[in-house]
Amino acid sequence: METLESSTFAEFTKGNFTVHKTARPFSLMAIYQAHEQNNAHVKGDGGAIGLLEDVHVHQIAMAMGPKAAALPFFHAFSGCDTVSAFHGKGKKYTWQTWSVFQRATPTFTKLSRTPSAIGDEDLLIIEEFVVLLYDRSSPYKEVNEARLDLFARKQKTYDCIPPTKAALREHCKRAVYNPGHIW
């Protein structure tokens, strides 16, 4: 951090929220987190960066509504550079499942904000989401029940069934760690 411009580093040491805005044209997560901190502007190397600097990103964040705050966890949970993806389930299909199962949004948002642990109620919502990810017509809400149904009754191959509850919990821990501690 000491390599930042001195005024930016000074703001950070005072406890103000700072965002590293990359040169990439799409920096929605950083901008949305700045909104979450109620900043009028973001202090960056070279001076203040207005939140409306990239109007298109701002419009996307506003159009997404509550989902924008849930994006960091969703991105990690559905597979990123340090968290594995669900076999055969890409981001697009996972996003479509999220569109069908809107109840996951508050949980994804909560898990995007550096929780110290994943609560049982959060895991239940995530389990239901993952069951829908693998079988939209499943009557089950828990992954272990859905695994049995898909494998034994519907004769799906082993790589086409969801992870166990224990494996899903570990996957969630990795997905929570990235937005809360790395990004």
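Peptides 146-155, 73-82 ranked from most to least packed, by the mean per-residue count of other Cβ atoms within 10 Å: 73-82, 146-155. 3J(HN,Hα) along the stretch 113-128: 10, 6, x, 7, 7, 9, x, 4, 5, 5, 5, 5, 5, 5, 4, 4 Hz, from the Karplus curve 6.51 cos²θ - 1.76 cosθ + 1.60 with θ = phi - 60°, whole Hz, x for Gly and Pro. With respect to the cross-link table entries 67/154; 91/165; 89/165; 141/173, which display a Cα-Cα separation exceeding 28 Å? Beyond 28 Å: 67/154.
Computed packing ranks the peptides 127-140, 109-122 as 127-140, 109-122, most packed first, by mean other Cβ atoms within 10 Å. Pairwise Cα distances in the stretch 67-182 exceed 25 Å in 15 percent of cases. Near residue 135: Cβ cut-off under 12 Å, other residues only, Lys/Arg at +1 and Asp/Glu at -1. The net charge is +4.
Relative to the Cα centre, the charge distribution of the stretch 67-182, modelled as +1 at Lys and Arg Cβ and -1 at Asp and Glu Cβ, gives a dipole magnitude of about 280 debye.
Taking the stretch 108-134 and a reference point 7 angstrom along Cα→Cβ of residue 148, the backbone N atoms nearer than 18 Å belong to 127-128, 131-132.
If you plug the beta carbon distance of residue 170 and residue 141 into 1/(1 + (r/R0)^6) with R0 = 22 Å, you get a FRET efficiency near 0.65. Electrostatic tally near residue 162: other residues with Cβ closer than 15 Å to its Cβ, Lys and Arg +1, Asp and Glu -1, net +1. With K and R counted +1 and D and E -1, the other residues having a Cβ less than 13 Å from that of residue 123 yield a net charge of -2.
Coordinate-derived values only; no laboratory data. Please read all numbers here as calculations on a predicted model, not as lab measurements. Here Cβ is always computed from backbone atoms with ideal geometry, including for glycine, and neighbour counts include all displayed protein chains.
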